[in-house]
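The values are calculated or read from the model by the stated rules, or taken from the named source; none is laboratory data. Treat the numbers as computed from the prediction; the structure is a model and nothing was measured. All Cβ positions, even for glycine, are placed from backbone atoms using ideal geometry, and neighbour counts span all protein chains on display.
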Amino acid sequence: MGTEVVLSSPTGDSLLENGVRHCVDDICVPVKLFYGHVLDLAERCDVLFVSRLVSVEKAEVATYTCPKLIGLPDMVKSSIEGIPRMVEFVVDLQEHSIRSSAKRLATALGVPQPRVRSSLAEAELVQAAYDEKLLAGVEPEEAMRQVLGNGNGTGNGGKDSSARKPGAGRARKPDIKIALVGHEYLIHDHYISHNLPAKLKRFGADVTYMTQVPIEVIESELARYPGISWSYEKELLGAASHFLGRSDIDGVIIVMGFACGPDSIISEIITREVVTEASPPLTTLVLDEHTGEAGVDTRVEAFVDLIRRSRNRS
Amino acid sequence: MKVSFPHMGNAYIPLSSLLSNLGAEVIVPPRPTRKTIDMGALHAPEFVCLPFKVNLGDNLRALQMGSDTLAMVSGMWACRFGYYGRVQHQILRDVGFEFDSILLGREGLGTVYNKFRDTVEGSLLRGWAHAVRSFKHKAEAMDALEMAARKVRPFERERGSASSVLADGLAGVHQAQTIKATDAALREALGVMDSIETEPPAREPLDIAVVGEIYAVLEPALNFDIERKLGEMGIIVHPVMSVYKWLFRPLKIDPSILVDERLARRIAKPYIAYVLGGEEHQTITGTIRAARHGYDGVIHLYPFTCMPENICRTILPRVESEFDIPVLNLCLDEHASPAGMATRLEAFVDLLRERRRR
Ligand code: SF4
Ligand code: SF4
């Protein structure tokens, strides 16, 4: 649309601390992170772009994201002082098309309407390319770099920060395969997850993400577990069911944020309705702002050992 | 059929009447206590919200008392409550209990309707019609008694009289077998309530609105009977919700409830623009209205990690300053203590008295 885009910095100590300071104690850690990213941007932009994800599919029986994602702009607007003007990008596919959201966005940004069609078409192409990368197993940050060039062409989004990433180190040759199930904003936030994917690789595991499961596969798995109206949790459930039924997967880790409402329910549904005798081992890793790297190391190492031991036995 | 359901304030009174009129034997577990919560917490997912754990504890007790059927509302909702029944019943089966589930909302109405085909004598339709009528009657009686006690409590000469008359009255209504007997029990209890000796207050009583997550507001086991405690401190309590409204809101038959809901959404809209699936509209609007009515303060109750109320809690400070009304946020979990709660309440009440003097 012709605006210059500024992205927030990768999560770090002070960003997280700022977020935590502005949030209610018992809210989930991703919201605290979001606040941190908003504050990180506050002085570096003229307009703050915040998405309001209400419903992300048009379905016969309406589905929704999580109450906190629906209410995110309300929270930001009412509780952080001194932030730039905020524009909302509402995604409510159950009620209206993405095009009409884009039109409203253009109005709010003062962008001429004729530009909407071309920019939306381009955005859709980029999104498709990005989705394809994810499907092929590329991590979101890397996929974005590949698709958009240097993050967004403004030079600050895709900074190569691998040197500072916790958990980085030489991987050993993988002998087991572990699937990760959980919100992307947790698993792929290297700071809060202590770079879980790289850690697993270091422990000799080949890692596969739920973003690598095609949507048709998820849909067909879900046919066995109807009655969930949280769109992202449906994906979690479908992906978990897929992984738990695959013989080449040696273990599944559900990664959830402390105080995540939907995950507290869906992880219980997965362990009680999906897991069978034949399923590979499953564990849950709960992350919050107090989780130390040592704690994650211990959990991951124990899980990997368990897998190797049970395999040697059989 | 020996049926049971989790507690929610005095809802067991109309619900028992509904089910027993449908020919079921109703098992009412003891009112939830800390022990119930501990029992539930033992089997519940660690990070689930508190009402889940209390409900699960109620169910465990009911099964130990011999229930063979558990009923629960359920369905596809934006919040966790919609999944309670499904997950709780699975947990209880995994523990080893065998029972039949009635999940109202998840199963179609027809399924629930037909569940009672064998228990109702004579016409099923007529059985339902009668059961619903007595349900409504009991709910109205319960509501009338709760309201009457709320009015008298701050002014009673002898502390606790209103609450004990309320308890007796509710017991009478609960035991009544017919609609006529229900009416008689209600009339009698209201008469006794009327005759409670009152005295004019030493000072103008404070008005406090109570808002928040529905279960935290309505279940005394969760909120340490906050309504009674405040009332007996000589404070006029205005809860935004009642068990009656909670029971009848989903039925969409009472126009005044529907109008109120719509209005509440409209008033809350500048603060929370979309439906979040909880009581967010009543929390925000209840606070705004408390200010408009000139009340002294608002108490906001919610279970630890409650999603919609976490959002409200984030936004309430803005409402508080825009409308100049003090709000006390009380977050409840299984470790909350009555002493801690009492201290915070007293400090808040002192603050409000101080404010009024100025
Ligand atoms: S889905 Fe969970 S982690 Fe994400 S915003 Fe909602 S509560 Fe937070
Ligand atoms: S409103 Fe709060 S307490 Fe109720 S189900 Fe939702 S998160 Fe749990």
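A few points about this structure:
- Leading residue by the ranking (surrounded by the most Cβ atoms within 10 Å (Cβ to Cβ)) among those in the range B:2-15 that are assigned to a helix (DSSP H, G or I) and touching a Phe, Trp or Tyr at 6+ places or on another chain (Cβ under 9 Å): B:14
- Being hydrophobic (A, V, I, L, M, F, W, C), under 13 Å from residue B:208 (Cα atoms) and within 14 Å of chain A (Cβ to nearest Cβ) holds for only one residue in B:315, B:288, B:325, B:299, and it is B:288.
- Among the conditions (1) surrounded by fewer than 17 Cβ atoms within 10 Å (Cβ to Cβ); (2) more than 16 Å from ligand 1 (Cβ to nearest atom); (3) outside any helix (DSSP H, G or I); (4) of a type outside the set (Lys, Arg), residue B:72 misses just one, which is (1).
- Residues of the range B:296-313 include at least one that is over 20 Å from the mean Cα position of the chain (by Cα), modelled with pLDDT of 95 or more and more than 14 Å from ligand 2 (Cβ to nearest atom).
- Residues in the range A:56-73 that are within 22 Å of residue A:265 (Cα to Cα), within 14 Å of ligand 1 (Cβ to nearest atom) and not basic (Lys, Arg): A:56, A:63, A:64, A:65, A:66, A:67, A:69, A:70, A:71, A:72.
- For the range B:246-275, the set of residues classified as of a type outside the set (A, V, I, L, M, F, W, C) and within 14 Å of another protein chain (Cβ to nearest Cβ) consists of B:265, B:269, B:270, B:271, B:274, listed by residue number.
- Restricted to the range A:218-235, and to residues there that are within 16 Å of ligand 1 (Cβ to nearest atom) and within 14 Å of chain B (Cβ to nearest Cβ), the residue that is farthest from residue B:107 (Cα to Cα) is A:232.
- Hits in the range A:23-54 - residues which are buried (at least 18 other Cβ atoms within 10 Å of the Cβ), more than 24 Å from residue A:145 (Cβ to Cβ) and touching a helix residue (DSSP H, G or I) at 6+ places or on another chain (Cβ under 7 Å): A:23, A:24, A:27, A:28, A:31, A:32, A:35, A:39, A:52, A:54
- Evaluation of residue A:61 against (1) within 16 Å of ligand 2 (Cβ to nearest atom); (2) surrounded by fewer than 17 Cβ atoms within 10 Å (Cβ to Cβ) (one fails), failing number: (1)
- Top-ranked residue of the range B:28-69 - restricted to ones that are surrounded by fewer than 21 Cβ atoms within 10 Å (Cβ to Cβ), assigned to a loop (DSSP other than H, G, I, E, B) and away from every other protein chain (no Cβ under 14 Å), ranked as farthest from ligand 1 (Cβ to nearest atom): B:66
- Checking the stated criteria, residue B:278 turns out not to satisfy the condition of being buried (at least 23 other Cβ atoms within 10 Å of the Cβ) and more than 9 Å from every other protein chain (Cβ to nearest Cβ).
- Residue satisfying all of: in the range B:40-56; more than 13 Å from ligand 2 (Cβ to nearest atom) and more than 11 Å from residue B:88 (Cα to Cα); modelled with the lowest pLDDT among these: B:46
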